[in-house]
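Please read the structure below before turning to the comments.
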Amino acid sequence: MLHPDTRSRETRRLPEHGLAEAVSLAAALPNLEVLWAEVVRLPKLQPGTLFGSGKVAELKARIKADAVDLVLIDGPVSPVQQRNLEKEWGCKLLDRTSLILEIFADRARTREGVLQVELAALSYQRSRLVRAWTHLERQRGGFGFVGGPGETQIEADRRAIDDQVVRLKRQLDRVVKTRELHRAARAKVPFPIVALVGYTNAGKSTLFNRVTGAEVLAKDMLFATLDPTMRGVVLPSGRKIILSDTVGFISDLPTQLVAAFRATLEEVLSADLICHVRDISHPETAEQAADVEEILASLGVKPGVPRFEVWNKLDLVAAAPREALLAQAGARPDVFAVSALTGEGVEGLLEAISTVFDEEKTDRLLRLAFAEGRRRAWLHAEGVVEDERQDEDGWQVAVRWTARQERRWRELPPA
(Lines give C-alpha, C1' and ligand atoms only; values in the text may rest on other atoms or scores of the structure.)
Protein backbone atom coordinates (compact mmCIF):
# COMPACT_ATOMS: atom_id res chain seq x y z
CA MET A 1 0.00 0.00 0.00
CA LEU A 2 1.46 3.35 -1.10
CA HIS A 3 0.11 6.79 -0.22
CA PRO A 4 1.61 9.50 -2.46
CA ASP A 5 2.08 12.73 -0.47
CA THR A 6 1.46 15.37 -3.14
CA ARG A 7 -0.85 17.65 -1.18
CA SER A 8 -0.08 21.22 -0.22
CA ARG A 9 0.50 22.42 3.32
CA GLU A 10 -2.98 23.95 3.24
CA THR A 11 -4.67 20.54 3.05
CA ARG A 12 -6.84 19.52 5.98
CA ARG A 13 -5.48 15.95 5.92
CA LEU A 14 -2.23 14.54 7.24
CA PRO A 15 -0.68 11.93 4.89
CA GLU A 16 -0.21 9.47 7.78
CA HIS A 17 -3.94 9.52 8.51
CA GLY A 18 -4.66 9.16 4.80
CA LEU A 19 -2.44 6.07 4.71
CA ALA A 20 -4.22 4.57 7.74
CA GLU A 21 -7.58 5.07 6.02
CA ALA A 22 -6.24 3.48 2.83
CA VAL A 23 -5.07 0.43 4.80
CA SER A 24 -8.56 0.18 6.32
CA LEU A 25 -10.03 0.33 2.82
CA ALA A 26 -7.81 -2.56 1.75
CA ALA A 27 -8.86 -4.53 4.84
CA ALA A 28 -12.49 -4.14 3.77
CA LEU A 29 -11.87 -6.49 0.84
CA PRO A 30 -11.76 -10.21 1.57
CA ASN A 31 -8.65 -12.22 0.71
CA LEU A 32 -6.35 -9.19 0.72
CA GLU A 33 -3.39 -9.06 3.09
CA VAL A 34 -1.47 -5.80 3.37
CA LEU A 35 2.23 -6.71 3.69
CA TRP A 36 3.49 -3.15 4.12
CA ALA A 37 2.32 0.42 3.75
CA GLU A 38 4.19 3.69 3.48
CA VAL A 39 3.81 7.38 2.64
CA VAL A 40 5.85 8.30 -0.43
CA ARG A 41 6.89 11.94 -0.57
CA LEU A 42 6.55 13.31 -4.09
CA PRO A 43 8.16 16.72 -4.57
CA LYS A 44 7.39 16.37 -8.29
CA LEU A 45 4.93 14.13 -10.14
CA GLN A 46 6.44 12.09 -12.97
CA PRO A 47 3.92 11.93 -15.86
CA GLY A 48 5.08 8.50 -17.01
CA THR A 49 5.59 6.63 -13.73
CA LEU A 50 4.17 8.90 -10.97
CA PHE A 51 7.28 8.24 -8.84
CA GLY A 52 10.89 9.11 -9.67
CA SER A 53 13.10 6.46 -11.28
CA GLY A 54 14.99 5.82 -8.04
CA LYS A 55 11.81 5.23 -6.06
CA VAL A 56 10.39 3.00 -8.79
CA ALA A 57 13.55 0.85 -8.66
CA GLU A 58 13.53 0.75 -4.83
CA LEU A 59 9.89 -0.33 -4.75
CA LYS A 60 10.52 -2.91 -7.49
CA ALA A 61 13.14 -4.59 -5.31
CA ARG A 62 10.78 -4.73 -2.31
CA ILE A 63 7.88 -6.00 -4.44
CA LYS A 64 10.05 -8.76 -5.87
CA ALA A 65 11.54 -9.69 -2.50
CA ASP A 66 8.12 -10.00 -0.86
CA ALA A 67 6.47 -11.68 -3.88
CA VAL A 68 3.78 -8.98 -3.98
CA ASP A 69 0.86 -9.73 -6.33
CA LEU A 70 -0.99 -6.41 -6.05
CA VAL A 71 0.10 -2.83 -5.33
CA LEU A 72 -2.47 -0.34 -4.03
CA ILE A 73 -1.84 3.37 -4.58
CA ASP A 74 -4.05 5.66 -2.51
CA GLY A 75 -4.63 8.35 -5.09
CA PRO A 76 -5.27 8.86 -8.81
CA VAL A 77 -3.07 6.96 -11.24
CA SER A 78 -3.28 7.78 -14.95
CA PRO A 79 -3.70 4.97 -17.49
CA VAL A 80 -0.16 5.54 -18.77
CA GLN A 81 1.30 5.49 -15.26
CA GLN A 82 -0.58 2.29 -14.44
CA ARG A 83 0.62 0.56 -17.61
CA ASN A 84 4.25 1.57 -17.03
CA LEU A 85 4.29 0.66 -13.34
CA GLU A 86 2.62 -2.71 -13.90
CA LYS A 87 5.18 -3.48 -16.61
CA GLU A 88 8.11 -2.32 -14.46
CA TRP A 89 7.01 -4.05 -11.24
CA GLY A 90 5.54 -7.16 -12.85
CA CYS A 91 2.35 -7.10 -10.78
CA LYS A 92 -1.17 -5.70 -10.79
CA LEU A 93 -1.95 -2.18 -9.58
CA LEU A 94 -5.10 -0.57 -8.20
CA ASP A 95 -5.62 3.14 -7.53
CA ARG A 96 -8.03 4.59 -4.95
CA THR A 97 -11.01 4.67 -7.33
CA SER A 98 -10.47 1.05 -8.40
CA LEU A 99 -10.23 -0.09 -4.79
CA ILE A 100 -13.44 1.66 -3.71
CA LEU A 101 -15.24 0.25 -6.75
CA GLU A 102 -14.08 -3.23 -5.74
CA ILE A 103 -15.39 -2.75 -2.20
CA PHE A 104 -18.75 -1.53 -3.48
CA ALA A 105 -18.97 -4.45 -5.91
CA ASP A 106 -18.27 -6.85 -3.03
CA ARG A 107 -20.82 -5.23 -0.69
CA ALA A 108 -23.78 -4.36 -2.93
CA ARG A 109 -26.76 -6.55 -2.08
CA THR A 110 -29.85 -4.93 -3.57
CA ARG A 111 -30.54 -5.09 -7.30
CA GLU A 112 -30.19 -1.34 -7.60
CA GLY A 113 -26.92 -1.26 -5.68
CA VAL A 114 -25.39 -3.92 -7.94
CA LEU A 115 -26.51 -2.08 -11.08
CA GLN A 116 -25.19 1.28 -9.84
CA VAL A 117 -21.79 -0.20 -9.04
CA GLU A 118 -21.57 -1.90 -12.43
CA LEU A 119 -22.47 1.37 -14.13
CA ALA A 120 -19.86 3.28 -12.11
CA ALA A 121 -17.19 0.70 -12.92
CA LEU A 122 -17.99 0.79 -16.65
CA SER A 123 -17.78 4.57 -16.61
CA TYR A 124 -14.37 4.28 -14.94
CA GLN A 125 -13.21 1.68 -17.47
CA ARG A 126 -14.30 3.80 -20.40
CA SER A 127 -12.27 6.76 -19.13
CA ARG A 128 -9.14 4.59 -19.25
CA LEU A 129 -9.40 3.26 -22.79
CA VAL A 130 -6.48 5.38 -23.93
CA ARG A 131 -4.03 2.60 -23.18
CA ALA A 132 -3.60 -0.97 -24.33
CA TRP A 133 -5.55 -3.03 -21.85
CA THR A 134 -3.24 -6.01 -21.71
CA HIS A 135 -4.02 -6.30 -17.99
CA LEU A 136 -7.64 -7.11 -18.83
CA GLU A 137 -6.66 -10.72 -19.25
CA ARG A 138 -7.56 -10.75 -15.57
CA GLN A 139 -10.97 -9.09 -16.03
CA ARG A 140 -13.81 -10.70 -14.11
CA GLY A 141 -17.56 -10.27 -13.92
CA GLY A 142 -17.64 -7.68 -16.72
CA PHE A 143 -16.03 -4.95 -14.65
CA GLY A 144 -13.78 -6.39 -11.94
CA PHE A 145 -10.18 -5.36 -11.50
CA VAL A 146 -8.53 -7.77 -9.13
CA GLY A 147 -8.65 -11.17 -10.83
CA GLY A 148 -10.22 -13.71 -13.19
CA PRO A 149 -10.04 -14.53 -16.91
CA GLY A 150 -11.49 -12.31 -19.64
CA GLU A 151 -11.23 -11.45 -23.30
CA THR A 152 -11.69 -7.68 -23.74
CA GLN A 153 -9.70 -6.22 -26.68
CA ILE A 154 -8.97 -2.55 -27.30
CA GLU A 155 -10.85 -2.46 -30.65
CA ALA A 156 -14.12 -3.59 -29.13
CA ASP A 157 -13.86 -2.07 -25.67
CA ARG A 158 -15.60 1.24 -26.25
CA ARG A 159 -18.49 -0.22 -28.21
CA ALA A 160 -18.96 -3.08 -25.77
CA ILE A 161 -18.90 -0.76 -22.77
CA ASP A 162 -21.35 1.66 -24.39
CA ASP A 163 -23.73 -1.23 -25.12
CA GLN A 164 -23.48 -2.41 -21.51
CA VAL A 165 -24.09 1.12 -20.20
CA VAL A 166 -27.27 1.45 -22.27
CA ARG A 167 -28.48 -1.95 -21.03
CA LEU A 168 -27.72 -1.13 -17.39
CA LYS A 169 -29.43 2.27 -17.58
CA ARG A 170 -32.59 0.62 -18.91
CA GLN A 171 -32.55 -1.87 -16.05
CA LEU A 172 -31.91 0.92 -13.55
CA ASP A 173 -34.83 2.93 -14.91
CA ARG A 174 -37.15 0.02 -14.17
CA VAL A 175 -35.72 -0.40 -10.66
CA VAL A 176 -35.96 3.34 -9.98
CA LYS A 177 -39.63 3.39 -11.00
CA THR A 178 -40.34 0.56 -8.56
CA ARG A 179 -38.47 2.42 -5.80
CA GLU A 180 -40.45 5.58 -6.53
CA LEU A 181 -43.67 3.64 -6.05
CA HIS A 182 -42.38 2.35 -2.70
CA ARG A 183 -41.39 5.85 -1.66
CA ALA A 184 -44.81 7.21 -2.67
CA ALA A 185 -46.42 4.53 -0.52
CA ARG A 186 -44.20 5.51 2.42
CA ALA A 187 -45.13 9.17 1.91
CA LYS A 188 -48.72 8.27 2.73
CA VAL A 189 -47.63 7.03 6.14
CA PRO A 190 -47.72 10.07 8.45
CA PHE A 191 -44.42 9.30 10.16
CA PRO A 192 -41.39 11.60 9.87
CA ILE A 193 -38.13 10.21 8.46
CA VAL A 194 -34.88 10.58 10.43
CA ALA A 195 -31.75 9.81 8.37
CA LEU A 196 -28.38 8.82 9.81
CA VAL A 197 -25.49 10.09 7.70
CA GLY A 198 -21.77 10.35 8.32
CA TYR A 199 -18.27 9.34 7.37
CA THR A 200 -17.71 5.66 6.82
CA ASN A 201 -17.09 3.71 10.05
CA ALA A 202 -18.49 6.53 12.23
CA GLY A 203 -20.80 4.06 13.99
CA LYS A 204 -24.11 4.75 12.20
CA SER A 205 -25.11 1.09 12.01
CA THR A 206 -24.23 0.51 15.68
CA LEU A 207 -26.43 3.47 16.63
CA PHE A 208 -29.17 2.23 14.28
CA ASN A 209 -29.07 -1.21 15.92
CA ARG A 210 -29.05 0.33 19.42
CA VAL A 211 -32.18 2.41 18.69
CA THR A 212 -34.16 -0.07 16.58
CA GLY A 213 -33.08 -3.42 17.97
CA ALA A 214 -32.25 -4.48 14.41
CA GLU A 215 -29.23 -6.55 13.45
CA VAL A 216 -27.71 -4.54 10.62
CA LEU A 217 -24.09 -5.46 9.89
CA ALA A 218 -21.98 -3.25 12.18
CA LYS A 219 -18.24 -3.83 12.01
CA ASP A 220 -15.08 -1.81 12.58
CA MET A 221 -14.67 -1.71 8.82
CA LEU A 222 -15.05 0.89 6.09
CA PHE A 223 -18.27 0.60 4.07
CA ALA A 224 -19.75 -2.11 6.32
CA THR A 225 -23.14 -0.73 5.23
CA LEU A 226 -23.81 -0.08 1.55
CA ASP A 227 -27.51 -0.54 0.92
CA PRO A 228 -29.84 1.73 2.93
CA THR A 229 -31.97 0.20 5.70
CA MET A 230 -35.16 1.61 7.26
CA ARG A 231 -36.99 0.68 10.46
CA GLY A 232 -39.89 2.09 12.46
CA VAL A 233 -39.00 3.40 15.93
CA VAL A 234 -41.23 4.47 18.82
CA LEU A 235 -39.66 7.42 20.65
CA PRO A 236 -39.89 7.93 24.44
CA SER A 237 -42.78 10.35 23.88
CA GLY A 238 -44.75 7.62 22.08
CA ARG A 239 -44.29 9.25 18.68
CA LYS A 240 -43.32 6.91 15.86
CA ILE A 241 -40.61 7.75 13.32
CA ILE A 242 -38.85 5.97 10.47
CA LEU A 243 -35.09 5.70 11.00
CA SER A 244 -32.86 5.29 7.94
CA ASP A 245 -29.28 3.95 8.00
CA THR A 246 -27.19 4.93 4.97
CA VAL A 247 -23.86 4.21 3.30
CA GLY A 248 -20.92 6.05 4.82
CA PHE A 249 -19.13 8.84 2.99
CA ILE A 250 -15.39 9.05 2.34
CA SER A 251 -12.97 11.74 1.22
CA ASP A 252 -11.99 11.92 -2.46
CA LEU A 253 -15.10 9.97 -3.45
CA PRO A 254 -14.74 8.74 -7.05
CA THR A 255 -16.97 10.79 -9.35
CA GLN A 256 -18.28 7.58 -10.91
CA LEU A 257 -19.87 6.71 -7.57
CA VAL A 258 -21.68 9.99 -6.99
CA ALA A 259 -24.68 8.72 -8.97
CA ALA A 260 -24.75 5.56 -6.86
CA PHE A 261 -24.73 7.67 -3.71
CA ARG A 262 -27.51 9.86 -5.06
CA ALA A 263 -29.71 6.82 -5.66
CA THR A 264 -29.10 5.24 -2.26
CA LEU A 265 -29.43 8.57 -0.45
CA GLU A 266 -32.76 9.71 -1.80
CA GLU A 267 -34.23 8.96 1.61
CA VAL A 268 -31.85 11.59 3.01
CA LEU A 269 -33.08 14.13 0.47
CA SER A 270 -36.65 13.62 1.70
CA ALA A 271 -35.75 13.32 5.40
CA ASP A 272 -37.42 15.50 8.02
CA LEU A 273 -34.34 15.40 10.27
CA ILE A 274 -30.72 14.52 9.46
CA CYS A 275 -28.47 13.15 12.18
CA HIS A 276 -24.82 13.59 11.21
CA VAL A 277 -22.98 10.86 13.12
CA ARG A 278 -19.31 11.64 13.78
CA ASP A 279 -16.55 9.45 15.19
CA ILE A 280 -15.50 12.00 17.79
CA SER A 281 -12.53 9.83 18.83
CA HIS A 282 -10.93 10.00 15.36
CA PRO A 283 -7.93 12.37 15.07
CA GLU A 284 -9.43 13.90 11.93
CA THR A 285 -13.07 14.04 12.99
CA ALA A 286 -13.35 17.71 11.93
CA GLU A 287 -11.92 16.95 8.49
CA GLN A 288 -14.29 13.99 8.10
CA ALA A 289 -17.23 16.19 9.08
CA ALA A 290 -16.24 18.76 6.45
CA ASP A 291 -16.10 16.01 3.80
CA VAL A 292 -19.61 14.84 4.77
CA GLU A 293 -20.99 18.39 4.54
CA GLU A 294 -19.44 18.84 1.09
CA ILE A 295 -20.96 15.60 -0.21
CA LEU A 296 -24.39 16.42 1.27
CA ALA A 297 -24.28 19.79 -0.49
CA SER A 298 -23.26 18.19 -3.80
CA LEU A 299 -26.14 15.70 -3.49
CA GLY A 300 -28.61 18.57 -3.19
CA VAL A 301 -29.65 18.21 0.46
CA LYS A 302 -31.60 21.35 1.32
CA PRO A 303 -29.93 23.56 3.96
CA GLY A 304 -33.30 24.19 5.67
CA VAL A 305 -33.73 20.58 6.84
CA PRO A 306 -33.14 20.34 10.62
CA ARG A 307 -29.83 18.68 11.56
CA PHE A 308 -28.31 17.19 14.67
CA GLU A 309 -24.64 16.37 15.18
CA VAL A 310 -24.14 13.10 17.02
CA TRP A 311 -20.66 12.83 18.53
CA ASN A 312 -20.31 9.06 18.69
CA LYS A 313 -17.69 6.69 20.18
CA LEU A 314 -17.47 8.69 23.40
CA ASP A 315 -16.33 5.46 25.08
CA LEU A 316 -13.04 5.67 23.15
CA VAL A 317 -12.19 9.19 24.36
CA ALA A 318 -9.82 9.66 27.32
CA ALA A 319 -11.16 11.21 30.53
CA ALA A 320 -9.85 14.79 30.17
CA PRO A 321 -10.89 15.45 26.55
CA ARG A 322 -14.12 13.58 27.24
CA GLU A 323 -15.16 16.13 29.87
CA ALA A 324 -14.35 18.96 27.46
CA LEU A 325 -16.42 17.32 24.70
CA LEU A 326 -19.38 16.84 27.03
CA ALA A 327 -19.19 20.52 28.00
CA GLN A 328 -19.06 21.60 24.33
CA ALA A 329 -22.00 19.37 23.40
CA GLY A 330 -24.00 20.61 26.39
CA ALA A 331 -23.57 24.20 25.25
CA ARG A 332 -25.17 23.50 21.86
CA PRO A 333 -28.81 22.40 21.45
CA ASP A 334 -28.09 20.55 18.19
CA VAL A 335 -25.09 18.46 19.39
CA PHE A 336 -25.31 15.19 21.34
CA ALA A 337 -22.34 13.24 22.72
CA VAL A 338 -23.14 9.52 22.78
CA SER A 339 -21.69 6.05 22.77
CA ALA A 340 -23.76 3.83 20.51
CA LEU A 341 -21.81 0.87 21.87
CA THR A 342 -22.64 1.41 25.56
CA GLY A 343 -25.87 3.39 25.10
CA GLU A 344 -24.59 6.48 26.93
CA GLY A 345 -26.40 9.63 25.82
CA VAL A 346 -28.71 7.82 23.37
CA GLU A 347 -31.84 8.39 25.49
CA GLY A 348 -31.22 12.16 25.46
CA LEU A 349 -30.77 12.09 21.70
CA LEU A 350 -34.10 10.30 21.22
CA GLU A 351 -35.89 12.78 23.47
CA ALA A 352 -34.47 15.67 21.43
CA ILE A 353 -35.58 13.98 18.18
CA SER A 354 -39.06 13.66 19.62
CA THR A 355 -39.08 17.36 20.53
CA VAL A 356 -38.27 18.32 16.94
CA PHE A 357 -41.53 16.79 15.77
CA ASP A 358 -43.62 18.18 18.63
CA GLU A 359 -43.60 21.51 16.86
CA GLU A 360 -46.04 24.34 17.24
CA LYS A 361 -48.97 23.97 14.83
CA THR A 362 -50.56 26.75 12.82
CA ASP A 363 -53.93 27.05 11.07
CA ARG A 364 -54.17 27.66 7.34
CA LEU A 365 -57.04 27.88 4.84
CA LEU A 366 -56.06 26.37 1.48
CA ARG A 367 -57.75 26.66 -1.94
CA LEU A 368 -57.31 23.55 -4.06
CA ALA A 369 -58.46 23.06 -7.65
CA PHE A 370 -60.06 19.76 -8.67
CA ALA A 371 -56.84 18.94 -10.56
CA GLU A 372 -54.95 18.94 -7.24
CA GLY A 373 -56.48 15.72 -6.01
CA ARG A 374 -53.14 14.20 -5.04
CA ARG A 375 -52.19 17.18 -2.87
CA ARG A 376 -55.59 16.99 -1.17
CA ALA A 377 -55.12 13.26 -0.58
CA TRP A 378 -51.70 13.94 0.97
CA LEU A 379 -53.26 16.39 3.45
CA HIS A 380 -55.78 13.76 4.53
CA ALA A 381 -53.05 11.10 4.81
CA GLU A 382 -51.05 13.41 7.07
CA GLY A 383 -54.11 13.90 9.29
CA VAL A 384 -53.92 17.72 9.20
CA VAL A 385 -57.38 18.45 7.72
CA GLU A 386 -59.69 20.19 10.23
CA ASP A 387 -62.52 21.07 7.84
CA GLU A 388 -63.22 20.83 4.13
CA ARG A 389 -65.82 22.33 1.81
CA GLN A 390 -66.34 21.83 -1.90
CA ASP A 391 -67.57 24.46 -4.37
CA GLU A 392 -67.68 24.79 -8.16
CA ASP A 393 -63.94 25.68 -8.37
CA GLY A 394 -62.54 23.00 -6.08
CA TRP A 395 -62.02 22.61 -2.32
CA GLN A 396 -61.59 24.93 0.61
CA VAL A 397 -59.49 23.01 3.13
CA ALA A 398 -58.81 24.16 6.67
CA VAL A 399 -55.61 22.56 7.97
CA ARG A 400 -53.68 22.56 11.23
CA TRP A 401 -50.07 21.59 10.62
CA THR A 402 -46.44 22.04 11.63
CA ALA A 403 -43.89 24.06 9.68
CA ARG A 404 -42.32 20.77 8.63
CA GLN A 405 -45.57 19.48 7.16
CA GLU A 406 -46.22 22.78 5.41
CA ARG A 407 -42.76 22.66 3.84
CA ARG A 408 -43.29 19.09 2.62
CA TRP A 409 -46.72 19.96 1.19
CA ARG A 410 -45.36 22.92 -0.77
CA GLU A 411 -42.67 20.64 -2.28
CA LEU A 412 -45.35 18.31 -3.71
CA PRO A 413 -46.00 18.45 -7.47
CA PRO A 414 -49.02 20.65 -8.35
CA ALA A 415 -51.10 17.79 -9.71
Pairs returned, first residue in segment 348-371 that is part of a helix (DSSP H, G or I), second residue that is aromatic (Phe, Trp, Tyr), beta-carbon separation under 9 angstrom, 6 or more apart or interchain, are Gly348/Phe336; Leu349/Phe308; Leu349/Phe336; Ala352/Phe308; Ala352/Phe336; Ile353/Phe308; Val356/Phe308; Phe370/Trp395
The correct count of residues that are of a type in the set (Phe, Trp, Tyr) and modelled with pLDDT of 90 or more in segment 55-109 is 1
Result of the Cβ filter at 9 Å on segment 302-322, keeping first residues that are part of a strand (DSSP E or B) and partners that are aromatic (Phe, Trp, Tyr) and surrounded by 13 or more Cβ atoms within 10 Å (Cβ to Cβ), at least 6 apart or interchain, is Phe308/Phe336; Glu309/Phe336; Val310/Phe336; Trp311/Phe336
Over segment 191-228, the set of residues modelled with pLDDT under 70 and either surrounded by fewer than 13 Cβ atoms within 10 Å (Cβ to Cβ) or charged (D, E, K, R) (or both) is Glu215, Lys219, Asp220, Asp227
| assigned to a helix (DSSP H, G or I) and farther than 20 Å from Asp252 by Cβ, is that true of Lys44? | no
Checked segment 324-335 for anything part of a helix (DSSP H, G or I) and within 17 Å of Thr285 (Cα to Cα); matches are Ala324, Leu325, Leu326, Gln328, Ala329
Over segment 305-332, the set of residues modelled with pLDDT under 90 and either aliphatic (A, V, I, L, M) or loosely packed, with under 12 Cβ neighbours inside 10 Å (or both) is Val305
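The values are calculated or read from the model by the stated rules, or taken from the named source; none is laboratory data. Not measured: the values here are computed from a predicted model. Note: ideal-geometry Cβ built from the backbone for every residue, glycine included; neighbour counts use all protein chains shown.
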